[in-house]
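None of the figures in this text is laboratory data; all of them are computed from the coordinates on show. This is a predicted model, so every value here is computed, not measured. Using ideal geometry, Cβ is built from the backbone for each residue, glycine included, and neighbour counts are taken over all protein chains shown.
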RNA sequence: GCAGCCGUAGCUCAGCUGGAUAGAGUAUUUGACUACGAAUCAAAGGGUCGCAGGUUCGACUCCUGCCGGUUGCGCCA
C-alpha cells in the first residue's frame, strides 16, 4: 500500500538528527532528509563493531569522496544524543553504541507504560478493506484454508495497530455447482438422517461422497440423468423457490455454523459477511446494464470485455445461457465496496491461482470508470500442499481444520501439560485452555512465518514438533517472563538504574527492542507477516540467552535485580503485543 | 506456446529499496537442570547462494538468456 510513515523509532530519530547536524556543520550541501538518514540506519552485524550502523555510501556518491573519509569527518563533528554513548568509525560505517541509561529512560520507559503501542504509525486516514476467507458452504474447512485465515487476520491486526481505519470482510461461496452436487446426493442418494451435532462437517462429507459418485458414473448410462438432475437443481435454486431452495436455505446454515465455530477458534471477527448469493442477481443486472451502454461486447453468444490490448485476454462476464461467473460477482462486489463502504484501499487475500482473474477484474473496473481500481490489490499467497500433492475437497484427501486442532491439542497435553495435572498444580480447565492457546499459536505462527510466495508443504509430524522456530517457543518466552514477574516483583523494591545493564546479552536485547514499531509498520505497509515473525523469533532467542546468562533473582545487587526485571518485563510486553498482531495469545503459564 | 511464482547447509526456510566474514531452525555430535521453568541455553561440523553472461568500486539481492519445479491462460468455481 502506498502509505507514508509518520515516525521512525525514537532512537533512530535521535541519531538521524545528530547526523544531520554534523553533516550540516561540515558545510556540505546534501540531498538527504532526516527520513532518508533514519531509513539507512540498521542494526550492526556484530556488537563489537557497534550497535547501530550508518553506512556512508549514499553520502559518498553525493560528495564524491571515499566512504571511510566521510565517516571520520562526520564523526569529528558529531554530538551524540542521549540514547547513544559513543560513535566510532569502522571502515565505511559510522557505528553507534547505545547508552543503556539513555535508552532505558527515553525508550524502555515507553514500553513499560505501553505508550509505545498507542503511537499512530502512518500519516494517513484512508480506509482499508481487507477481504479474506472465502470458504464454500457445503464443504469442510481444511488446513489449506488456514493459511488464508491466519494471514488475513494478521494483516487486519497489523493495519489496525498502525492506526489505519480497517474493515475486515469475508466472502463465503454459498451457491454454484458444488452446492447443487451436495444437495443432489443428499436428496437422491443419502439414506441416513442428518446428525444432531456437527451438521456442517457431515454436509462436507456428503459433498465428498457426491463428487466421488458423480465421478464414478461418468461415462456410464447414468451420466446424462445425473447432469439433468443437477441442472434442474441449479435452476430451482436460481428461481428462489421449491423444495431444493428450502433445503439449500437449511443446509447453508449448517455450514455457516461450522464457519463461525472455526472463526471463533481462530479468534477472528468480520465487520461484514458478503455472501455470493447476495451479489449474484445484482451483478447480472449491473453487467447487462453495462452491455446496454456499449461498454461490453457480445462474442459467440456471451458478453464480456476484450482486454487484448492489455494482454489480459477476454474477460467473460455473462455466459451464453445468461448466467454470470466469478468475475461478474467480483465486479459487483467491488462496486459495493467503493460506493457503499467508501474504501480507499481494497485488499483481496486470495491464493495465487486467482492472479489472472483479479488482473482482469481490476482492469474491467478501471475501464468502466472506477478511479479506485488502482487501489485494488490482490495479495497473493501460495498454496498449502500435502507431502503427496495438492489438497482438495473433491479428491477427499483433506485434513479438516478442527481435526488438526484436536490432534495438536492432544499432543501438547500428553507431551507437556499432563505433568502439571499429575502433580496437582494445574486444574483441568487450565490445561484445556493452555493447550488451546498453544495449538493456536503453533498453527498461526506456522502459517505466517513463511513468505507469501512460497508454498507450504503440510506435514503433520513436523507441525506437531514444538521446538525451535515455532509459535510455542515465543509463547514460552512470555510465560517465563510472566512467571519471573510474579515471583520477583515483590523483591524489586530498589530503583531501576539502566546504566547497570552492560553485559552483551542485556545490551543486545535492548537494541532489539528498539525497532518493534518499525517492523510492525513495515509489515502493515507491505502486507507481509514474515518480518514480524522473524523479529519475534530473534527477540525470543535474545531473551532466552539473556535469561540463561544474567540471573535476576540472584542478581548481585538489589538495583540490578530491579533493572533486569524491568528489562525482562519490557521484553514480555513487546512479545505479547507482537504475538497479538499475528493473532496469537500469550499464555500466563505453560 | 505465453505469463506469474519458486530454486541459498542433508531437510525446512530468513536475508529490507545492492554494501561489513552468506544466517536461522531442524537433524547429527558434545557440554549445562535436587531449576529465577531444560518447550531452554552453550558449542562443533555442514553452502561454488540452479547455470552462464552483463551492470557496478561492490551482486544472494538489479538486467538478459538458459535449466529444473509449480500455477494460471473465454463460457469451472
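If a/c stays under 1.5 just call it rounded; otherwise compare a/b with b/c (prolate if a/b is bigger, oblate if not). Do that for segment A:441-590, with a ≥ b ≥ c from the square roots of the Cα gyration tensor eigenvalues. Here segment A:441-590 falls in the prolate category. Nearest 5 percent is fine: what portion of the DSSP beta bridges confined to chain A is antiparallel? Of the beta bridges lying entirely in chain A, close to 55 percent run antiparallel.
Compared with the dominant Cα axis of chain A, that is its longest principal axis, helix A:326-339 is turned about 50°. By the helix-only formula, in which each DSSP H run with n ≥ 4 contributes -39500 (n - 2.57) and the sum is divided by residues, chain A has a 222 nm mean residue ellipticity of -16500 deg cm²/dmol.
The overall shape of chain A, judged from the alpha-carbon gyration tensor, is oblate: a/c is not under 1.5, and a/b is no greater than b/c. Any idea how far the Cα center of segment A:343-367 sits from the one of segment A:168-232, in Å? Cα centroid of segment A:343-367 versus Cα centroid of segment A:168-232: 30 Å apart. At full extension, residue A:307 and residue A:227 could sit 25.5 nm farther apart than now, given 0.36 nm per residue minus the alpha carbon distance.
If a/c stays under 1.5 just call it rounded; otherwise compare a/b with b/c (prolate if a/b is bigger, oblate if not). Do that for segment A:1-153, with a ≥ b ≥ c from the square roots of the Cα gyration tensor eigenvalues.
In terms of gyration-tensor shape, prolate.
Relative to the longest principal axis of chain A, what angle (0 to 90°, nearest 10) does the C-alpha long axis of helix A:471-488 take? Here the helix axis deviates by roughly 50 degrees.
Between residue A:218 and residue A:36, full extension at 0.36 nm per residue minus the direct alpha carbon distance yields a gain of 59.1 nm.
Over all pairs of different C-alpha atoms, segment A:340-451 has a mean inverse distance whose reciprocal, the Kirkwood radius, equals 18.0 Å.
The modelled label-to-label distance for the pair residue A:24/residue A:538, using points 7 Å beyond Cα in the direction of Cβ, is 3.2 nm. Once the Cβ-Cβ distance of residue A:421 and residue A:395 is raised to the sixth power relative to R0 = 41 Å, the FRET efficiency obtained is 0.55.
The spacing between segment A:574-590 and segment A:104-161, judged by their C-alpha centroids, is 13 Å.
The modelled label-to-label distance between residue A:64 and residue A:189, using points 7 Å beyond Cα along the C-beta direction, is 7.9 nm.
Running Debye on segment A:10-98 with equal point scatterers at the Cα sites and no solvent, what base-10 log of I(q)/I(0) appears at q = 0.11, 0.19, 0.23, 0.25 Å⁻¹? Listed by q, the Debye log ratios stand at -0.24, -0.77, -1.18, -1.43.
To the nearest ten degrees, helix A:355-367 and the longest principal axis of the Cα atoms of chain A are 90 degrees apart. Dividing the convex hull volume of the alpha-carbon atoms in segment A:339-404 by its residue count gives 138 Å³ per residue.
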